[in-house]
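Read the figures in this text as sums done on the coordinates, not as results from a lab. Quick caveat: nothing in here was measured; it's all calculated off a predicted structure. Cβ atoms come from the backbone with ideal geometry, glycine included; neighbour counts cover every protein chain shown.
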Amino acid sequence: MALTRRHLLTALPVIGTAALGVGFWEMLKGMKSGHFDPHAVDTPIIGRDLPDFPALEGLTDLGEGFSSETLRAQTKPVLVNFMASWCVPCVLEMPFLKTVSSEATIWGIVYKDKAERAAAFIQRNGAPYQRIGQDPQGTAAIEWGVTGVPESFLVMPGGKIVWHGSAALDKDTFLYTIRPMLNQFKEKAG
Amino acid sequence: MLEMFGPENGLFALALATILAFWQCVIPLWGLRSDRLRLINMASSLAISQALALIYSFFCLIVAAARDDFSVRNIAENSAISKPFLYKITGVWGNHEGSILLWILILGLCSMAVALTGRRGKVKLPATLRARVLVVLGAISVGFEFFCILTSNPFARLFPVPSDGMGMNPLLQDPGLAFHPPILYTGYVGFAVPFAFAVAALWEGRVNALWGWWVRNWTVAAWAFLTCGITMGSWWSYYILGWGGYWFWDPVENASLIPWLSGTALLHSALVVEKRESLKVWTILLALACFSFSLSGTFLVRSGILNSVHAFANDPARGIFILSLLGIITGGSMVLFAWRAPSLVAEGGLFAPISREGALVVNNILLCSLCAVVLTGTMYPPFMQLLFGQTLSVGKPFFDATTIPLTIPLLLVMGFGVGLSWKHAKLAPLLRRLSVPCALAIISFILSLFWLNSLLASLCAGLAIWVIAASLGDFWFRRKALTSLWHIPRFMVATLLAHCGVAITILGLCGMSAAQQTVVEAHKGEHFSLAGYDWKLQNVHTVDGKNYTAQQADIIVSRHHHIVAVMHPEKRYFEQQNQSTMNVSIHTNFLRDLYAVLGDIHEDGAQTSYILRLHDNPLAPWIWLGGLIMALGGFISLTHRRFHKGAAHAAQLRRARRQASP
């Protein structure tokens with residue numbers, strides 16, 4: 001039986017089916033072992049320059065506002081924290097932010113919240129932020145790719161984002177991820 | 001009396017059905033091998049008994065649900081005493097286990113239909129072909145019945161027995177959704193029969209016009225149900241989810257659209273096999289692909305691979321089982337195709353490029369391209385993540401940019417295609433006949449440019465008018481040629497309806513592209529204006545339902561100080577599930593929908609404000625109206641039992657001639 005063009009053409013569906021089948025198999029295996037999560041959202045912002053966002057107004061008596069330029073012009077790493085007074089995980093996160101505020105520079109962005117409520121909330125929790133910007137419409141959050149609050153970013157001098165967390169900051173994350181990055185920077189700086 | 005329909009009886013009946021399906025697969029196979037007609041003919045009675053066992057089993061599950069038997073895990077997890085009776089019954093297929101049993105039941109009923117039809121008349125189904133089809137269907141049944149018993153037993157018991165069930169997802173408590181799954185599944189599963197016919201044809205090594213007739217009819221039946229099912233699903237998402245949209249390009253929606261597109265291609269190519277004995281190999285491949293797509297849809301939804309809003313309880317173990325079944329059914333059939341298809345004799349009737357066949361080939365190319373595009377868009381995100389670790393989502397912009405350019409030529413060909421004659425068509429008289437539709441299309445294109453402000457949407461609207469006008473014109477032309485005015489062949493009516501249905505849906509989609517919406521924070525007594533209407537939030541009050549409490553708003557819509565409608569959108573709270581649903585209020589006059597949703601309620605001291613979403617959706621009802629007309633066309637064509645001996649006869653002559661002159 002000679003191999004004709006017809007044979008090659010009719011073999012194409014088999015190849016396509018086999019490729020899809022192997023793919024599905026790998027996905028299922030990955031789902032079982034946890035490598036493959038169809039609902040995963042990745043954070044393409046890591047390693048990039050921070051996005052441009054309009055200058056954010058500050059909160060009276062608590063901290064002045066900032067813009068992307070001020071953030072880039074810093075000489076020390078800055079932990080940028082998106083928060084709101086209406087968000088329960090933010091309330092839980094606050095005491096921890098206060099404890100690490102001596103070690104790291106933390107700037108807050110108040111996401112879709114009223115100024116007086118946010119101010120009262122931050123005041124009550126010991127004001128861990130050196131600077132606070134207000135983002136009442138959530139436009140800056142869109143630029144940063146924030147999907148909810150709280151989310152935090154570690155920004156290096158010059159504006160490179162080296163870390164992004166989309167959950168409340170906790171002790172483990174700080175000890176094993178953020179502190180090493182801060183130490184690395186200190187060593188480099190001499 | 002009802003004692004004989006206990007859950008265990010249901011499980012035993014399911015096991016019996018599995019055994020019967022096994023014999024339905026094996027005995028006729030043995031008969032075909034050893035040429036024993038008695039064994040071959042046993043296929044029909046086995047298929048009928050299998051279907052009866054499945055009906056019994058399914059009835060047991062319904063009885064358990066109706067009697068609130070919470071010792072059955074499936075019912076305890078999905079039902080509750082306070083649930084309205086209708087939803088106790090329909091809730092049986094609202095979950096994974098029950099829906100799999102329904103799936104199997106429909107497959108069994110299809111087997112039974114194959115066993116019972118084509119016993120006499122011109123389109124008699126040859127005994128060996130029937131047996132082969134039943135063997136294939138039996139094999140598929142065995143696989144899924146094993147799946148049901150081993151991994152998703154709907155009759156599994158629960159101990160200790162809870163006093164009340166956990167209740168159903170309130171979103172599913174809706175008459176539209178209650179009957180959506182059975183209809184959709186009938187569509188999906190119906191494609192198993194063309195698949196079985198295709199495998200039988202490869203096995204027998206013979207395809208003729210009669211085969212085409214059977215495949216076309218089964219495809220039309222499945223297609224009509226699938227059309228109905230998709231239409232209902234889309235309507236449900238429009239008025240239940242309250243997002244104001246009708247199609248979200250969600251993977252699960254695409255999983256139903258892919259078989260629909262390939263099914264549409266299949267029913268047209270099977271027509272060519274039936275009338276002209278051409279495109280045989282292609283039709284076989286489409287029939288195999290169509291059911292494979294239906295199955296993959298089921299698999300992908302239930303394995304949780306696709307990131308979708310439609311959630312079934314995901315379980316990778318089940319996923320592996322279905323994937324193996326899928327591998328055997330699809331992979332096996334594709335290998336069989338690669339092995340046998342090249343040796344199928346391609347002695348089809350020849351045709352000129354400008355002919356009905358030519359137009360149908362173009363139709364197939366375009367529909368399959370559409371299908372490939374939707375498939376690519378759906379499978380791209382999981383495969384990108386698997387291969388390159390990138391997560392991304394493919395949505396409306398991609399599908400709009402790729403499907404609209406393919407739909408435009410499809411609509412164009414639809415207008416021409418119906419007017420062309422078989423084999424070789426003369427273009428000049430057709431073009432003369434089409435001048436009026438063409439003029440109408442251009443006029444409506446220009447008119448809609450003013451109204452829609454979008455070139456592509458206006459073009460689609462103009463082409464939809466073109467399809468309607470050309471189909472009606474052709475119908476009128478052919479009707480004149482008939483001897484009796486009262487005996488219009490039903491296939492002509494069917495084609496007319498199906499094509500006009502497509503055009504009406506397209507018009508609805510074009511209208512929706514001009515939809516307007518706004519989200520407002522309203523206080524009682526406040527006015528808003530949208531799309532030339534004045535919307536006033538009159539009042540909000542509390543309403544008690546059977547298993548929920550609701551906040552109901554009264555919105556008065558008026559135009560030029562005349563009240564157009566009083567709308568009552570609700571926000572229902574289901575205490576048992578601690579879940580809220582938004583009940584949309586829609587006021588329609590079939591040319592436009594006014595659509596109002598009551599969202600969050602903010603209590604700010606003495607002032608209470610309500611978030612309202614208001615939509616004005618022009619021509620929205622046409623989207624679903626078109627779908628129902630399409631399905632109606634499909635059902636009407638099924639009542640047309642005529643089979644042309646002409647094509648079969650011509651093919652026999654060709655065969656005889658070839659043998660005579662070697």
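Things to note:
- With helices as the sole contributors, chain B gives -21000 deg cm²/dmol at 222 nm; each DSSP H run of n ≥ 4 counts as -39500 (n - 2.57), and the sum is divided by every residue.
- For chain A, the relative contact order comes to 25 percent (Cα pairs under 8 Å, sequence separation of at least 6).
- Sorted ascending by nearby beta carbons within 10 Å, beginning with the fewest, A:Asp49, B:Asp69 become A:Asp49, B:Asp69.
- Taken residue by residue and averaged, Cβ atoms of other chains lying within 10 Å of the Cβ of A:28-36 number 4.
- Taking amide H as placed 1.01 Å from N in the peptide plane, A:Gly133 has its amide H under 5 Å from the amide H of A:Gly108, A:Ile109, A:Val110, each at least 5 places away in sequence or on another chain.
- In order along segment B:78-83, the phi-based Karplus estimate (6.51 cos²θ - 1.76 cosθ + 1.60, θ = phi - 60°) of 3J(HN,Hα) comes to 10, 10, 7, 4, 7, 6 Hz; Gly and Pro are listed as x.
- Pairwise centroid distance, computed over Cα atoms, of segment B:355-406 with segment B:190-219, Å: 27 Å
- Neighbour counts of C-beta atoms inside 10 Å place B:Thr407, A:Thr105, B:Thr608 in the sequence B:Thr608, A:Thr105, B:Thr407, starting with the fewest.
- Converting the Cα gyration tensor eigenvalues of the protein assembly as shown into ellipsoid dimensions via √(5λ) gives semi-axes, longest first, of 54, 34, 30 Å.
- Filtered GluC sites (Glu not before Pro), segment B:570-607: DSSP coil and at most 14 other beta carbons within 10 Å: B:Glu575
- At an R0 of 60 angstrom, the distance between the Cβ atoms of B:Ile488 and A:Asp172 translates into a FRET efficiency of 0.20.
- Rounded to whole Å, sorted largest first: equivalent-ellipsoid semi-axes of segment A:68-189, Cα gyration tensor: 22, 16, 13
- Efficiency of FRET between B:Phe477 and B:Asp250 - r from beta-carbon atoms, R0 45 angstrom, step 0.05: 0.60
- At q = 0.13, 0.20 Å⁻¹, base-10 log of I(q)/I(0) for segment A:1-96 (Debye sum, equal scatterers on each alpha carbon): -0.79, -1.15
- Note on B:376-387: average number of Cβ atoms from other chains within 10 Å of each residue's Cβ is 3.
- Global size of chain B: 26.9, 98 Å for Rg and Dmax (C-alpha atoms, Rg to one decimal, Dmax whole).
- Charging the Cβ of each Asp and Glu at -1 and of each Lys and Arg at +1, and nothing else, the dipole of the protein assembly as shown about its Cα centre rounds to 5200 debye.
- Sorting B:Ile55, B:Ile258 from the fewest to the most surrounding beta carbons within 10 angstrom yields B:Ile55, B:Ile258.
- Working from Cα pairs under 8 Å separated by at least six residues, relative contact order for chain B is 12 percent.
- DSSP-assigned coil residues among chymotrypsin sites (Phe, Trp or Tyr not before Pro) in segment B:525-628, each with at most 10 further Cβ atoms within 10 Å: B:Phe590
- In terms of its alpha-carbon gyration tensor, segment A:66-123 comes out oblate; a/c meets the 1.5 threshold, while b/c is at least as large as a/b.
- Segment B:383-392 - phi-based ³J(HN,Hα) in whole Hz, Karplus 6.51/-1.76/1.60, Gly and Pro as x: 6, 4, 5, 5, 7, 10, x, 9, 9, 7
- Protection proxy ranking, peptides B:330-336, A:121-127, average beta carbon neighbours within 10 Å, highest first: B:330-336, A:121-127
- Taking every full run of DSSP H in chain A, the ones that stretch at least 18 Å from end to end by Cα along their long axis and average 0.0 or higher on the Kyte-Doolittle scale are A:5-33, A:88-100.
- Amide H contacts for B:Val564 (H built 1.01 Å from N in the peptide plane; partners 5 or more residues away or on another chain; cut-off under 5 Å): B:Val557, B:Ser558, B:Arg559.
- Gaussian network model of chain A, springs between alpha carbon atoms under 10 Å - residue of A:Gly65, A:Gly148, A:Gly21 with greatest fluctuation: A:Gly21
- Average other protein chain Cβ within 10 Å of Cβ, residues B:333-344: 5
- Extension gain for the segment B:Leu350 to B:Leu427, taken as residue separation times 0.36 nm less the Cα-Cα distance, is 25.9 nm to one decimal.
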